[in-house]
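Read the figures in this text as sums done on the coordinates, not as results from a lab. On a predicted model such as this, the values are computed, not experimentally measured, just so you know. Don't worry about glycine lacking a Cβ; one is built from the backbone with ideal geometry, like all the others, and counts go over all protein chains shown.
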C-alpha cells in the first residue's frame with residue numbers, strides 16, 4: 001500500500017508541475033507512461049489483490065516496463081534539459 005501512496009503523491013506533484021510551469025516533451029511522455037503504470041497498478045490492486053486471486057504475470061510485467069520506461073524518460077529529460 002505504501003508503494004501506491006508514495007507513487008500517487010509523486011505523480012500529483014509532477015502533474016501539478018506539468019500544468020503550472022510546464023515540463024519538457026520527453027518528461028511529459030515519461031509522465032504519461034507513469035500514469036499508465038499507476039493505472040495498471042490500481043487494476044492489479046482492485047481486480048486481483050483484494051479478491052485474493054493470483055496476479056497476472058503479463059500485467060505485472062507490463063506495469064514494471066511502463067514504470068521503468070517512464071522513470072528512464074524523466075531521468076533523461078532532467079539530464080539533458082538546461083535551466
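General remarks:
- Only helices enter the 222 nm calculation for the chain: every DSSP H run of n ≥ 4 contributes -39,500 (n - 2.57), and dividing by all residues gives -26000 deg cm²/dmol, rounded to 500.
- Fewest-first ranking of 63, 3, 49, using other Cβ atoms within 10 Å as the exposure measure: 3, 49, 63
- Cα-projected label distance for residue 16 with residue 81, points at 7 Å along beta-carbon direction, nm: 1.6
- Among 21, 75, sorting on how many other beta-carbon atoms sit within 10 Å of each Cβ, with the fewest leading, yields 21, 75.
- Rg/Rh ratio calculated on Cα atoms of the range 2-80 (Kirkwood radius): 1.04
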